[in-house]
Amino acid sequence: MTGKLIWIAVCLTLFATDLRAERDAGGSHNLLLKAPINEDWFFISRSNLATRDDFSQLFLGFTGGGLGYQLTDNWSIRAGYRHVWFRPQNEWLEEDRVFLEAFYADNFEAFRLTSRSRFEYRTFDYREDYWRFRNEFVLESATPLGNTDIRPYLEEEFFHNTRENHFEANWLGMGLAWRPRDGLKLKVGYRWNYFRAGDDWRSRDVLVTGINLFF
């Protein structure tokens with residue numbers, strides 16, 4: 001199964017590369033925290049810093065937190081707030097988001113599947129507010145690489161602007177996940193970011209890193 005996942009990832013990445021119209025490169029570095037409040041409720045937070053222009057310019061950052069409720073072993077719902085700093089040109093602009101999402105996770109014989117469906121309301125001082133829907137799927141191999149505990153993964157996320165009724169972006173990625181101890185997950189990978197800029201579509205190759213802490 002691991003070999004098949006890697007082969008699919010390589011094919012998808014090569015296909016994505018052929019579609020690129022304008023090439024850029026950058027990084028996306030994430031910190032996720034999750035802590036239980038009681039048997040059903042938990043706190044969750046995520047922060048991010050992102051670069052572009054061949055890693056030379058910091059253009060995005062966000063942080064925030066929310067509450068989650070574990071409905072079943074596989075399903076949970078979360079609601080929260082996120083504050084965003086964004087630099088479309090030279091000036092930093094700010095954005096507030098509130099979100100509601102459903103999260104599904106299950107382990108199968110060959111892989112682990114997670115799916116996150118999120119509605120977020122984006123508010124701005126410089127443009128019209130609107131709702132956005134985004135959905136992420138992640139497949140992580142149940143078979144580690146060699147004698148390690150490192151496991152390959154594939155991920156896909158799309159973003160849909162409900163006011164304009166069009167897709168804003170699509171993220172397609174692959175990488176490696178490692179759990180060196182209980183409560184810690186490390187990730188490094190590649191993401192092809194295909195995003196709308198006005199009426200045009202652009203591409204960015206993104207180095208993705210992640211630290212997930214579970215308390």
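Below are the figures for this structure:
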{"quantity": "Residue tally, condition surrounded by fewer than 16 Cβ atoms within 10 Å (Cβ to Cβ), over 15 Å from the mean Cα position of the chain (by Cα) and assigned to a strand (DSSP E or B), over the stretch 44-64", "calculated": "1"}
{"quantity": "In the stretch 88-121, residue farthest from G68 (Cα to Cα) [restricted to those that are of a type in the set (D, E) and buried (at least 17 other Cβ atoms within 10 Å of the Cβ)]", "calculated": "E95"}
{"quantity": "For T162: the one exception among (1) of a type in the set (S, T, Y); (2) within 21 Å of N48 (Cβ to Cβ); (3) over 14 Å from the mean Cα position of the chain (by Cα)", "calculated": "(2)"}
{"quantity": "Positions within the stretch 153-182 being hydroxyl-bearing (S, T, Y) and surrounded by 15 or more Cβ atoms within 10 Å (Cβ to Cβ), in sequence order", "calculated": "Y153"}
{"quantity": "Conditions (1) over 17 Å from N30 (Cβ atoms); (2) at pLDDT 95 or above; (3) touching a Lys or Arg at 6+ places or on another chain (Cβ under 7 Å); number of the one not met by G175", "calculated": "(1)"}
{"quantity": "Enumerated strands (runs of 3 or more DSSP E) restricted to the stretch 98-215, each holding at least 2 residues that are of a type in the set (G, A, S)", "calculated": "111-124, 166-181, 184-197, 200-214"}
{"quantity": "Residues (surrounded by 14 or more Cβ atoms within 10 Å (Cβ to Cβ) and either touching a His at 6+ places or on another chain (Cβ under 9 Å) or on the phi > 0 side of the Ramachandran plot (or both)) located in the stretch 134-152", "calculated": "R134, N135"}
{"quantity": "Candidate set from the stretch 190-215 (those that are under 12 Å from N30 (Cα atoms) and of a type outside the set (S, T, N, Q)); member that is surrounded by the most Cβ atoms within 10 Å (Cβ to Cβ)", "calculated": "V208"}
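The values are calculated or read from the model by the stated rules, or taken from the named source; none is laboratory data. Model, not experiment: these values are computed from the prediction. No Cβ is skipped: glycine too gets one built from the backbone with ideal geometry, and neighbour counts run over all protein chains shown.
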